[in-house]
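> Would you mind keeping the following structure in view while I ask a few things?
The values are calculated or read from the model by the stated rules, or taken from the named source; none is laboratory data. Not measured: the values here are computed from a predicted model. Quick reminder, even Gly has a Cβ in these numbers, built from the backbone with ideal geometry, and neighbours come from all protein chains shown. For accessibility, only protein heavy atoms count, side chains too; no ligands or nucleic acids. Shrake-Rupley method; radii C 1.70, N 1.55, O 1.52, S 1.80 Å.
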Amino acid sequence: MSVMEDVLKHIDFYDPRFCVAVIAIIFNPFFWNVVARWEHRTRGLTRLFGGPYLACYCLGTLIILLNVYRSHSMTVAMKAQARWEVMASPEVFYAGAALMALGSVLVVTSFLALGFTGTFLGDYFGILMEEKVKGFPFNVTENPMYWGSTANYLGLAFMNASPVGLVLTAVVAISYKVAIIFEGPFTEDIYRQRAQCCKHK
């Protein structure tokens, strides 16, 4: 408890920059899940953009921009608040660098394995993959894009000796965990419906 109290006393939870970062973290997965489910139900974006691929590319681009803003808001919050001297050591810095390297590998290899539409909710647009990707990094973790991103933020917090960065990373992890709870079964149901349709043909 004394360590936790020491961490928390370095954090200003009422700092507007911290609040903006928390909102950005929570909003992103909420936004793309709501929009993707709406698209799957109505095909509204497909009709608007004249096809599923262009619609998926546009939503994916918007998600990337939102994630860039989230990263920016987290960095601003970290720089605005106090460093924790306990974390201000070469060992912690290099551990953070290693986490960022690991996270980047997971994110990049996940994107290469899935492609743009596979990464950015193409399933919800009717752009289905032929089979489930089972190679690296999906043979290491089921959601490498999410946990790689989380590792990047944790590494950034370590490198900046930032206690507020640790808290924001925890918010990222929780928001991703909640997103997985909703996305996993829904995506599986999409492919289950496809399989049933194929059987009836």
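> Quick one: pull the percent of accessible area on the chain belonging to carbon and sulfur, 1.4 Å probe, ligands and nucleic acids left out. It would help to have the intermediate numbers written out before the result.
Working: 7690 of 11280 Å².
The nonpolar share, carbon plus sulfur, comes to 68 percent.
> Under a 10 Å cutoff between Cα atoms, tell me which one of Leu62, Leu121, Leu48 has the largest fluctuation in the Gaussian network model of the chain.
Sorting by GNM fluctuation, first place goes to Leu48.
> Among the aspartates and glutamates, select those whose C-alpha is under 14 Å from the C-alpha of Lys134, and discard any that sit fewer than 8 residues away in the same chain.
Straight-line reach from Lys134, under 14 Å: Glu142.
> Probe 1.4 Å, all protein chains in place: accessible area of Thr117 in Å², nearest 10?
30 Å²
> Assign unit charges at the C-beta atoms only (+1 for Lys and Arg, -1 for Asp and Glu), then state the dipole size of the range 59-159 relative to its Cα centre in Debye, rounded to the nearest 20.
On the way: 5 positive and 6 negative charges, 51 e Å.
Dipole of the range 59-159, to the nearest 20 debye: 240 debye.
> Given R₀ = 22 Å, what would the calculated FRET efficiency be for Asp189 paired with Val105, taking r from the Cβ atoms and rounding to 0.05? Please report the intermediate quantities before stating the final value.
Working: r = 31 Å, r/R0 = 1.39.
According to the calculation, E is roughly 0.10.
> Only sites in a loop by DSSP and with at most 13 other Cβ atoms within 10 Å count here; which trypsin sites (Lys or Arg not before Pro) in the range 3-44 make the cut? Could you put the intermediate results ahead of the total?
Numbers: sites: Lys9, Arg17, Arg37, Arg41, Arg43; in loops: Lys9, Arg43.
Taking the range 3-44 and a limit of 13 other Cβ atoms within 10 Å, the loop trypsin sites (Lys or Arg not before Pro) found are Lys9.
> Further question on the same structure: Need one number: the % of Cα-Cα pairs in the chain sitting beyond the 31 Å mark. Write out the running numbers ahead of the final one.
Working: 5344 of 20100 pairs.
So the pairs more than 31 Å apart make up 27 percent of the total in the chain.
> Now a separate question. Counting only heavy atoms of the protein chains, get the accessible area per residue of the chain (1.4 Å probe) and round it to a whole Å² value.
On the way: 11280 Å² over 201 residues.
Per-residue accessible area for the chain comes out at 56 Å².
> In a GNM of the chain with a 10 Å cut-off on Cα contacts, which of Asn139, Asn28, Asn160 has the highest mean-square fluctuation?
The residue with the greatest mean-square fluctuation here is Asn139.
> Pop a pseudo-label 7 angstrom from the Cα along the beta-carbon direction at both Trp38 and Val7 and give the gap in nm to one decimal.
Going by the 7 Å Cα→Cβ label model, 3.6 nm.
> Take the alpha carbon atoms of the range 51-92, find their center, do the same for the range 132-155, and report the distance between the two centers in whole angstrom.
After rounding, the separation between the Cα centres reads 17 Å.
> Among Met78, Met100, Met129, whose mean-square fluctuation peaks in a Gaussian network model of the chain (Cα, cutoff 10 Å)?
Met129
> Based on the Cα gyration tensor of the range 4-86, what are the three equivalent ellipsoid semi-axes, each the root of five times an eigenvalue, rounded to whole Å and given largest first?
So the three semi-axes of the range 4-86 are 37, 12, 8 Å.
> Okay, next question. Leaving ligands, DNA and RNA out of it, rank Asp12, Asp123 by accessible area with a 1.4 Å probe, largest first.
Sorted descending by solvent-accessible area, the residues read Asp12, Asp123.
> Suppose R0 equals 35 Å; then what is the FRET efficiency for Leu48 and Ala97 from their Cβ-Cβ distance, rounded to the nearest 0.05?
Details: r = 43 Å, r/R0 = 1.22.
The formula returns an efficiency of 0.25 here.
> A further question on this structure: Take the chain, mark every one of the GluC sites (Glu not before Pro) that falls in a DSSP loop and has at most 11 other Cβ within 10 Å, then report the longest stretch left between them, sites excluded.
Working: sites that count: Glu130, Glu131, Glu142.
Excluding the exposed sites themselves, the longest stretch runs over 1-129.
> Angle between the Cα long axis of helix 144-159 and the longest principal axis of the chain, 0 to 90 degrees, nearest 10?
Tilt of helix 144-159: around 10 degrees.
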